[in-house]
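Novice: What follows is a single structure, and I will ask about it in a moment.
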Amino acid sequence: MIRSLGRTALGLVYEFGDWTVFSFRSFVGFWAQQRRGHKLATAIHEIGGRCVPIVLTVGLFTGLVMGLQLYYTLARLGAEAALGDAVGLSLVRELGPVLTALMIVGQSGSAMTSELGFQRNDEQIDALQTMGIDAKGFLVGPRLWAALFCFPALTALFDLIGVVGGYLTGSVLLNVDAGVYWNHVFDSITWADVRGGFIKAICFGALTISICAYRGFFTHLKSSLRGVRGVSESATRAVVFSSVAVLAADYLITSFLI
């Protein structure tokens, strides 16, 4: 049992080191590529543009549910006027960055893992390396840099539509004064709260996209299956690992920011 535990611990340390080197080389290797602007714009469209509808939809319903639940909770304390504070701070500090990251991982992250996995199985990555092209910088680098732009932007959209959803529930349906709601939103949210949310979004973007790219790039080594089933397994594990990493990183970052 001790030998098995040690083998598992060493395997985790090796995996973490391999992923760190992979991510660093992908970040740096991007600047050695040609037509960087075109590659970056394509990656921004893949990661950010395609996720706008799902982020806006989830953000709206999150705000609607929060407005409903928090209203009845605050009503027990006679503090219905603080609904704007509760909705705004909850979204900007925690729910906005976390839920946005999870939505992007579920849509763009899994698609990216599958694409890289198929490219590995079809030997396209091997062909790039044979031609002397840095496959990490060529395929992964643009996506990692795009994540640094897309995650904060989509988080801002999520926060905005979530606050509007809280207004629709609190003011339109439950008769909380609209002026009171928006005044509390603007007075409670400070630049420090917004900055903390963006810091989380940037960290989540680099973390999740690098994990998804790593699982797809090395699907022939990390998956216990071969072919299409191996790619499916890699995509599933990438989503699971990325989601867990988001929650763990959220706790660590919050503990430092508070």
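Novice: Jot down the radius of gyration and Dmax of the chain, Cα atoms only, both in angstrom.
Specialist: 21.1, 69
Novice: Any aspartates and glutamates with Cα under 19 Å of the LYS222 Cα? List them, leaving off those in the same chain fewer than 8 positions away.
Specialist: Answer for LYS222, where 19 Å is the Cα cut-off: GLU15, ASP18, GLU115, ASP122, GLU123, ASP126, GLU233, listed by chain and number.
Novice: If you fit an axis through the alpha-carbon atoms of helix 191-217 and take the longest principal axis of the Cα set of the chain, what angle between them do you get, 0 to 90°, nearest 10?
Specialist: That helix lies at roughly 30 degrees to the long axis.
Novice: Continuing with this model, one more query. Evaluate the distance, in nm, between pseudo-label points positioned 7 Å from the Cα of HIS38 and of VAL164 along their respective Cα→Cβ axes.
Specialist: Roughly 3.6 nm, to one decimal.
Novice: Something else about it: For region 141-190, what Kirkwood radius comes out of the mean inverse Cα-Cα distance, in Å?
Specialist: On the way: mean 1/r = 0.0792 Å⁻¹.
Kirkwood hydrodynamic radius for region 141-190: 12.6 Å.
Novice: Can you put PHE138, PHE16, PHE118 in order, fewest other beta carbons within 10 Å first? Let's see the in-between values first.
Specialist: On the way: PHE138 19, PHE16 10, PHE118 15.
Fewest-to-most Cβ neighbours within 10 Å comes out as PHE16, PHE118, PHE138.
Novice: Further, regarding this structure: Compute the separation of the alpha-carbon centres of region 80-100 and region 141-185 and state it in Å as a whole number.
Specialist: Using only Cα atoms, the two centres lie 8 Å from each other.
Novice: While we're on this one: Roughly how many nanometres apart are two label points built 7 Å out from the Cα toward the Cβ at ASN175 and HIS220?
Specialist: Label at ASN175, label at HIS220, 6.8 nm between them.
Novice: Now for a different question. For TRP182, TRP191, which order do you get if you count the other beta carbons within 10 Å of each Cβ and list the fewest first? Don't jump to the answer; show the numbers that get you there.
Specialist: Working: TRP182 15, TRP191 7.
Taking fewest neighbouring Cβ atoms as first place, the list is TRP191, TRP182.
Novice: With a Cα-only, solvent-free Debye model of region 8-58, what are the log10 I(q)/I(0) values at q = 0.21, 0.32 Å⁻¹?
Specialist: Taken in order of the listed q values, log10 I(q)/I(0) reads -0.81, -1.08.
Novice: Further question on the same structure: Based on the alpha carbons, how large is the Rg to Rh ratio for region 187-230 when Rh follows Kirkwood?
Specialist: 1.37
Novice: Of the peptides 139-150, 51-62, 4-15, 79-90, how do they stack up when ordered by the mean number of other Cβ atoms within 10 Å, highest first?
Specialist: Values: 139-150: 24.2, 51-62: 17.6, 4-15: 9.9, 79-90: 20.8.
Most protected by this proxy first, the peptides run 139-150, 79-90, 51-62, 4-15.
Novice: Let me ask something else. Helix-only mean residue ellipticity at 222 nm, the chain, DSSP H runs n ≥ 4 weighted -39,500 (n - 2.57), per residue, nearest 500. What is it?
Specialist: Numbers: 12 runs with 201 residues, N = 258.
Dividing the helical sum by the residues of the chain leaves -26000 deg cm²/dmol.
Novice: Report the residues of region 154-174 in range of a label on ALA75: point 7 Å along Cα→C-beta, backbone N strictly under 17 Å from it.
Specialist: 166-174
Novice: Can you give me the long-range amide H partners of ASP134? Hydrogens built in the peptide plane at 1.01 Å from N, cutoff under 5 Å, separation of 5 or more residues or another chain.
Specialist: Placed amide hydrogens put nothing under 5 Å from ASP134.
Novice: Indicate the gyration tensor shape class of region 1-97 (rounded, prolate or oblate), computed on the Cα atoms with a ≥ b ≥ c the square roots of the eigenvalues: a/c under 1.5 is rounded; otherwise a/b larger than b/c is prolate and the rest oblate.
Specialist: On the way: a/c = 3.80, a/b = 1.51, b/c = 2.52.
Cα axes put region 1-97 in the oblate bin.
Novice: Moving to a separate point now. Nearest 0.05, what FRET efficiency do LEU5 and SER255 give at R0 = 30 Å with Cβ-Cβ as r?
Specialist: 0.60
Novice: Let me ask something additional. How would HIS184, HIS38 line up from fewest to most surrounding beta-carbon atoms within 10 angstrom?
Specialist: Details: HIS184 20, HIS38 11.
Least to most surrounded, the residues fall as HIS38, HIS184.
Novice: Express the Stokes-Einstein translational diffusion coefficient of region 66-190 in µm² s⁻¹, to the nearest whole number, given a Kirkwood radius over alpha-carbon pairs, 37 °C and a viscosity of 0.692 mPa s. Let's see the in-between values first.
Specialist: Details: Rh = 17.2 Å.
Answer from the Stokes-Einstein relation: 191 µm²/s.
Novice: Another question about this same structure. Ordered by residue, what ³J(HN,Hα) values in Hz, to whole numbers, does region 229-245 give under the Karplus form 6.51 cos²θ - 1.76 cosθ + 1.60, where θ = phi - 60° and Gly and Pro are x?
Specialist: Values, residue by residue: 5, x, 5, 4, 5, 5, 5, 5, 5, 4, 5, 5, 4, 5, 5, 5, 5 Hz.
Novice: Relative to the present Cα-Cα distance, how much length would full extension add between GLU94 and ARG229 at 0.36 nm per residue of separation? List each step's numbers first, then the result.
Specialist: On the way: separation 135, 0.36 × 135 = 48.60 nm, distance 3.53 nm.
The GLU94-ARG229 span can extend by a further 45.1 nm.
No value in this document is a laboratory result; all are computed from the given coordinates. Remember, predicted model here, so these are calculated numbers, not experimental data. Here Cβ is always computed from backbone atoms with ideal geometry, including for glycine, and neighbour counts include all displayed protein chains.
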